[in-house]
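Trainee: Please see the structure below; I have some questions.
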Amino acid sequence: MDKSRPIIILKKKGGHGGHHGGAWKVAYADFVTAMMAFFMVMWLMGSSKPVQEAISGYFKDPSGTAEKKGSIHVGSADNFNITKDDMPKLKEEIENKMKEMKDFDKLKNHIEITITSEGLRIELMESVSGTFFDSGRPELNADGRELVINLAQQLGKLPNKLSIEGHTDSKPYAGSGPYGNWELSSDRANAARRLMQANGVGADQVTQVRGFADQRLRNQNPLDPANRRVSLIVQYLASTSKEEAEGKAAAGKSGEERPAKPSAGMDEKNADAQKGASPNSPAKKE
């Protein structure tokens, strides 16, 4: 053996087998997300109804603006307080929504929306053969139900209080017994109230239901069928703006009368009278 031959030693380095990319991270993240969603669903199924409604409300309206007063667009940025200045905008919104009804063309001549001192008045007027109620009947017909439900879904989103009125013409009620126009006008107003409260209007939103019979005729002709109507009134909201409150406070202060300051002569006279008065003498009544 040749001792001058060099000895070669080979050493193998251990380590990772090379770069495999980051695809596994994406797959793992998807798996963890799916598991989280699964356990959230399981938790929701076992939670109470108020919790479920609260979470559902958050996903429907993350910004939390849908319940603002005066909102007529749930979750939108067009929230406003329905005060007297905003009634024209509300009137336009209601009219546009009613135009989406399939039979609106045959009903439009029997609907009138006006802004009055009470608020926004929506009048549903009858024709000779009946438009929203069949003749002599207190129940709404198909067209009347569709329109009242349409209105309830819009007005139920408002903080404004509502009042509902029933009216008839002067033609005596044709039925037998004590039932007459007073009962018919009240029953029609209540029929509208019940349907509205079943379709979006709050239980405490309706403040008045009134039946007037033929005491508030719309037209001079007492037998005009347009006198038979149901009126919905969206009442004004009282303005609570800071500027108005400050203005009222300033006006109240300016209107107050300041007490007159007594003159120096009067002070001296009162002082002399007090000095001359005996401590045991009774006070003189004026």
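Trainee: Scanning region 105-122 for residues that are acidic (D, E) and more than 20 Å from the chain's Cα centre (by Cα), which turns out farthest from L158 (Cα to Cα)?
Mentor: Out of the qualifying residues, it is D105.
Trainee: Consider S63 carefully, then state whether it is modelled with pLDDT of 75 or more, under 30 Å from the mean Cα position of the chain (by Cα) and among the polar types (S, T, N, Q). Show your work before the answer.
Mentor: Details: modelled with pLDDT of 75 or more: no; under 30 Å from the mean Cα position of the chain (by Cα): yes; among the polar types (S, T, N, Q): yes.
Judged against the criteria, S63 is not a match.
Trainee: While we're on this one: What number of residues within region 100-130 satisfy the criterion of being over 13 Å from E146 (Cβ atoms) and basic (K, R)?
Mentor: Of the residues in that region, 2 qualify.
Trainee: Still on this model: For region 15-33, name all the residues that are at pLDDT below 75 and small (G, A, S).
Mentor: G15, G17, G18, G21
Trainee: Still on this structure, please answer the following. Between residues in region 119-132 that are touching a residue at least 24 places away in the same chain (Cβ under 8 Å) and residues that are surrounded by fewer than 18 Cβ atoms within 10 Å (Cβ to Cβ) and of a type in the set (S, T, Y), which pairs lie under 7 Å by C-beta distance while being six or more apart or on different chains?
Mentor: Filtered contacts from region 119-132: R121/T114.
Trainee: Has region 101-110 got any residue that is in a loop (DSSP other than H, G, I, E, B), of a type in the set (A, V, I, L, M), touching a residue at least 60 places away in the same chain (Cβ under 8 Å) and surrounded by 13 or more Cβ atoms within 10 Å (Cβ to Cβ)?
Mentor: Looking through region 101-110, none of the residues is in a loop (DSSP other than H, G, I, E, B), of a type in the set (A, V, I, L, M), touching a residue at least 60 places away in the same chain (Cβ under 8 Å) and surrounded by 13 or more Cβ atoms within 10 Å (Cβ to Cβ).
Trainee: Tell me which residues, restricted to region 111-148, are assigned to a loop (DSSP other than H, G, I, E, B) and crowded, with 22+ Cβ neighbours inside 10 Å.
Mentor: E126, T131, F132 - these are the residues of region 111-148 that are assigned to a loop (DSSP other than H, G, I, E, B) and crowded, with 22+ Cβ neighbours inside 10 Å.
The values are calculated or read from the model by the stated rules, or taken from the named source; none is laboratory data. Since the model is a prediction, treat every value here as computed from it, not as a measurement. No Cβ is skipped: glycine too gets one built from the backbone with ideal geometry, and neighbour counts run over all protein chains shown.
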